[in-house]
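Colleague: Mind looking over this structure? Questions follow.
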Amino acid sequence: MLVSITGLADKLAERFRGRPPEDVLSWALSEYHPNVALASSFSREDIALIAMMTDIRPDARVFALDTGRLNEETYEASEAVRRKLGVRIEWHFPDREQVEQLERTKGLYSFRESLENRHECCRIRKVEPLARALSGLRAWVTGQRRDQSVTRAALPVFETDEAHGGILKINPLTEWTEEQVRSFILERNLPYNRLHDAGYPSIGCAPCTRAVLPGEDPRAGRWWWERPEHKECGLHRPSHGGESKNASGASPRRGKGNR
Ligand code: SF4
């Protein structure tokens with residue numbers, strides 16, 4: 001199964017080279033619905049994709065992870081999108097017992113004490129719920145773009161997600177620029193997270209995200225106490241070698257987005 005899907009990702013990359021995201025989504029929905037879903041953190045990218053997907057199929061599936069530490073503004077953006085586009089958001093929560101154990105033994109801010117602790121928190125609040133959300137799916141869609149970070153510089157449109165059983169992972173906005181995403185949101189009069197207007201280019205959990213200064217790298221506001229090549233939460237393990245390839249010294253690229 002893994003071998004055939006790997007071959008499929010390569011074939012699809014060839015077939016959809018230079019095609020717009022709507023074509024990619026249209027194919028994905030006709031091929032896989034209801035076993036394909038968008039993972040949304042309500043970034044501008046995700047909201048643009050929700051609009052594209054619900055244009056094609058009003059019942060297109062969207063899921064989100066409620067880590068328990070999200071900003072109020074993110075919930076507001078989610079509700080605005082739900083109402084405007086009529087989409088049903090499938091929320092997933094972390095395992096209650098694991099969160100209780102973590103907070104009782106290490107307190108509420110253990111993620112600031114070491115990379116290991118930060119990964120532990122992301123694993124409990126994000127990675128494990130993501131695995132549950134993906135179980136049963138044959139493909140998932142993300143709003144990742146290449147120019148968002150050093151860890152995404154080699155991101156392809158189609159990947160084999162080996163970490164989740166070899167299902168297809170689709171990144172339709174890989175080649176879009178931040179300006180294209182902004183224009184799409186503006187032209188469609190879509191809602192977006194108001195923290196973007198307060199200097200937050202990239203938004204994740206509230207205690208791990210801060211505003212950045214003008215000219216500062218957008219991902220500088222995420223886990224700001226860590227090195228750039230560590231700024232992923234485990235949701236997106238690159239099949240394209242992005243993280244390891246660039247960790248040795250390539251300059252972080254500028255861009256914006258969530259997660
Ligand atoms: S981003 Fe921060 S609060 Fe959220 S899961 Fe990761 S470490 Fe925990």
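Read the figures in this text as sums done on the coordinates, not as results from a lab. As the structure is a prediction and not an experimental result, all values here were calculated from the model. Counting neighbours? That spans all protein chains shown, and the Cβs are built from the backbone with ideal geometry, glycine included.
Colleague: For region 1-95, what is the convex hull volume of its Cα atoms per residue in Å³?
Modeller: 121
Colleague: Please sort 118-129, 93-104 by packing, taking for each peptide the average over its residues of neighbouring beta carbons within 10 angstrom, highest first.
Modeller: 118-129, 93-104
Colleague: Over the chain, what relative contact order in percent results from Cα pairs under 8 Å that are six or more residues apart?
Modeller: Answer for the chain is 24 percent.
Colleague: Also: As a check on your grasp of the helix formula, calculate [θ] at 222 nm for the chain: sum -39500 (n - 2.57) over DSSP H runs of n ≥ 4, divide by the residue count, round to the nearest 500.
Modeller: -11000 deg cm²/dmol
Colleague: Relative to the present Cα-Cα distance, how much length would full extension add between Y75 and S183 at 0.36 nm per residue of separation?
Modeller: Length gained between Y75 and S183: 36.6 nm.
Colleague: What fraction of the DSSP beta bridges in region 2-247 is antiparallel, stated in percent and rounded to the nearest 5?
Modeller: Taking every DSSP beta bridge with both residues in region 2-247, the antiparallel ones total about 30 percent.
Colleague: Roughly how big is region 2-247's charge dipole about its Cα centre, with Cβ charges of +1 (Lys, Arg) and -1 (Asp, Glu), in debye to the nearest 20?
Modeller: It comes to approximately 100 debye.
Colleague: Right, another one. Which Cα, out of L12, T67, V24, lies furthest along the positive dipole direction of region 2-81 (beta carbon charges, K/R +1, D/E -1)?
Modeller: L12
Colleague: List every residue whose amide H lies under 5 Å from the amide H of L38, counting only residues 5 or more places away in sequence or on a different chain, with H placed 1.01 Å from N in the peptide plane.
Modeller: Excluding prolines and chain starts, which carry no amide H, the hits are R61, V62, F63, V141.
Colleague: Continuing with this model, one more query. What would the Debye formula give as log10 I(q)/I(0) at q = 0.10, 0.12 Å⁻¹ for the alpha-carbon point model of the chain, no solvent?
Modeller: Cα-only, vacuum Debye calculation for the chain: -0.46, -0.69.
Colleague: Could you calculate the contour length gain from S114 to E100, that is, 0.36 nm times the residue separation minus the distance between their Cα atoms, to one decimal place in nm?
Modeller: Result: 3.1 nm gained on full extension.
Colleague: Pick out, in residue order, every one of the trypsin sites (Lys or Arg not before Pro) in region 143-195 that is DSSP loop and has at most 15 other C-beta atoms within 10 Å; say none if there are none.
Modeller: R188
Colleague: Charges on Cβ only, +1 for Lys and Arg, -1 for Asp and Glu, centred on the Cα centroid of region 2-247; of H119, P218, I56, which one is farthest towards the dipole's positive end?
Modeller: Checking the options against the dipole of region 2-247, the answer is I56.
Colleague: For the peptides 107-116, 71-80, what is the packing order when you average, over each peptide's residues, the other Cβ atoms within 10 Å and list the highest mean first?
Modeller: Listed from highest to lowest mean packing, they are 71-80, 107-116.
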